[in-house]
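Comments concern the structure below.
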Amino acid sequence: MLNKGTVLADRYEIIEKIGSGGMADVYRAMDHKLNRYVAIKVLKREFREDKQFVAKFKQEARAVAGLSHPNIVNVYDVGNEGTVQYIVLELVEGITLKKYIEKKGHLPYKEAVSIAIQVGNGIEAAHEHHIVHRDIKPQNIIISKEGKVKVTDFGIAKAAATTTTVSTSAMGSVHYMSPEQARGGYSDERSDIYSFGITLFEMLTGQVPFDGDSTVAVAVHHIQDEIDLPSELVSGVPISVDKIVQKCTRKKVDARYQSMDELIADLKKSLIMPDEDFVTAVPFVAEEEVNAEELPKEETPETKPEEPGEETSNLPDIDNESNKKLDGVLKWVAIGIAAAVVVIIVIFAVRGCGGGTTEPTETTESTELQVSVPSVIGKNSDEAKSILEEAKLVVDAPALSGTVAVQDPAAGRNVASGTKVTIRIDVPDLKDLKSEDAVEAVRNRGWDVDRVQEYSDTVEKGLIIRQEKKDDKTITLVISKGEEPVDKETVPNVVGMTLEEADKAIHDAGFKYWWEGDNTGVVVSQTPGAGSSAEKGSTVRFQMESPTTTATTTTSTSTTEATTSSIDFGGAPNVIGYDFDDAVNALRRAGYDVEYRGSGDTVVSEQVDDVNKVVKIVLE
């Protein structure tokens, strides 16, 4: 066990123990390098002394650290301090899915499927990197206070899966174990799909499908017995969800879903058409019966540590779907989940239960002093700290000083004395700063960072174009990708052509056109000029005159050159061919007011009044 104040890697300062399981203790810690709170899982002594286990633990943890997905808990770092082996994880407040099910009994099918989709997205991301979890169960799934779901314990679960022994103390996992794992045989991504199906069954019914006096008894059930349909145990489960659970939990791996992508697609369908039987089933092939002697031997509790207990963690985010009906279902279910989680966490706080099996509770009883959070927005951070501390509140402030932009909880809220108030500092204009310097500047002021990229004609590649406040926790940095590549073509020569001839030549070259004058005549001038390069799809403008006028004006080389000169747009930019919004923006930036007529989206004519700084455009 690590003591408060212990520092790992000259960076992570242990603050308190927040959870404990069979294989690891969990601590809240401060990352002094990035000024953020993290969770640190430290392997227990009996595992540290197993060199083979430690090597596997490191290998798998590093592999998971390469994953980045909103439905997987982020692994920030892996290391050791002497004999202490640890993983550094993101810290987000929430409860396990196991605890959520226990408090609600069983979940309505829409809520269960919505959670399952998020879990499936996380597992799918791991499978794409050839990482098999091997210990999918509600204890390893976290729901945040925002209603978002993440899968955790990838590294430890896979490292622990190197054993083929079914331990009597592994009851937490054997209830979700695939038949091939129960036999101690080879397991792959489809083993995770089986455990996922058992987890979905428990969400729908509030119970696991098989139980017994020993791990071997439960394992035999998984190998030999088909599970009941959820609808046989609780009402309101539609046929599509029944069939999804049934296909996930087939005994033969070839009869299950072959990928998480295929499974997630059916889960989404079940939210839109729940009562349709669309699940494609592989013909069922019965498994041969297995005797208990064929299973790995049971071990006594002394030889294997207990399975990890539930740990309060933290984690969020659901993907956006293009289907509007599905969007609506997922949105409202997520809101309901978030509300339920908050209520459960409050109940834990009042009862002093905490979120894990051995966690110290951080909350206070309702008899403790309540204080109103003072407003510190707009104040210097040093002054804000003094104000909040005088109000008997704990301050979580970034390393850099500055003007307070955000405080959480908000001013005026009644909270228990000793409640933590987080403040974030105003971020200066970061335009033209290198992206890595901008990220550091934002994080040092207490913000999370989102990064997006855009093309820019004015900002060099890799520099910041602008910054945007996404929410009260996150700043979005828009980073330049440099100038957008332009597909250019050579402009054809249409001078002397009729309108029909010019139309064909310009369209064949990949351009649009706009003309003025007598359409019975011929082209006498064009812009851009023949042979020049222009963006494919842009507009070629030309002037037409009747043959009589042309004959008169082409009596000499000088008059011909005058006739083929460009149309004069004065000081205004040429916006012919632009979309309406782009044209208006371009003209206003140049200092012109805009008048328009027509009901289309594209500018086909432009008339400039430089004296009054007005441009009239026609839309088609």
In whole Hz, what ³J(HN,Hα) sequence does segment 85-98 give by Karplus (6.51, -1.76, 1.60; θ = phi - 60°), x for Gly and Pro? 9, 8, 10, 9, 10, 5, 10, 9, 6, x, 10, 6, 4, 4
With θ taken as phi - 60° and the coefficients 6.51, -1.76 and 1.60, list the Karplus ³J(HN,Hα) couplings across segment 460-472 in order, rounded to whole Hz; mark glycine and proline as x. 4, 4, x, 9, 7, 7, 6, 10, 9, 7, 6, 7, 6
Kirkwood-based Rg/Rh on the Cα set of segment 1-120 evaluates to 1.02
If we sort 44-50, 139-145 on the protection proxy, mean other Cβ atoms within 10 Å, highest first, what's the order? 139-145, 44-50
Extension reserve of the Glu440-Ala411 stretch, reckoned as 0.36 nm per residue once the Cα distance is removed: 7.6 nm
Sort 89-95, 230-236, 11-17, 439-445 for me by packing, meaning the mean count of neighbouring Cβ atoms within 10 Å per residue, highest on top. 89-95, 439-445, 11-17, 230-236
7 Å from Cα along Cα→Cβ at both Asp50 and Val7: what's the point-to-point distance in nm? 3.4
Treat each spin label as a single point 7 Å out from the Cα along the C-beta direction, and report the Leu233 to Ser214 distance in nm. 2.4
Non-local residues with an amide H under 5 Å from the amide H of Leu463, with H modelled 1.01 Å from N and Pro and chain starts lacking one, are Ser480
So how much slack lies between Glu484 and Glu501, counting 0.36 nm per residue of separation and subtracting their Cα-Cα distance, in nm? 2.8 nm
R0 of 41 Å, Cβ-Cβ distance Asp275-Asp457: FRET efficiency to nearest 0.05: 0.15
Two-site FRET efficiency, Thr83 against Lys473, from Cβ-Cβ distance with R₀ of 22 Å, rounded to 0.05: 0.05
Efficiency of FRET from Cβ geometry, Glu535 and Asn493, R₀ 25 Å, rounded to 0.05: 0.85
Segment 416-484: C-alpha gyration tensor shape, a/c 1.5 cut-off, then a/b vs b/c: prolate
Listed by chain and number, the residues whose amide H is under 5 Å from that of Leu393, excluding neighbours fewer than 5 places away on the same chain and using placed H, are Gly418
Which whole-number value in Å² is the accessible area per residue of segment 31-141, probe 1.4 Å? 39
With a point put 7 Å past each Cα toward its Cβ, work out how far Glu16 is from Lys431 in nm, to one decimal. 4.5
When the chain is fully extended, how far beyond the present Cα-Cα distance does Gln224 get from Asn585, taking 0.36 nm per residue of separation? 123.0 nm
Taking amide hydrogens as modeled 1.01 Å from N in the peptide plane, which residues meet the under 5 Å criterion relative to Thr422, leaving out close sequence neighbours? Asp396, Asp408
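The values are calculated or read from the model by the stated rules, or taken from the named source; none is laboratory data. The structure presented is a predicted model; accordingly, all values stated were derived computationally and were not measured. So basically every Cβ, Gly included, is an ideal-geometry build from the backbone, and we count neighbours across all protein chains shown. When the accessible area is computed, the model is the full protein with side chains, heavy atoms only, and any ligands, DNA or RNA have been set aside. Shrake-Rupley method; radii C 1.70, N 1.55, O 1.52, S 1.80 Å.
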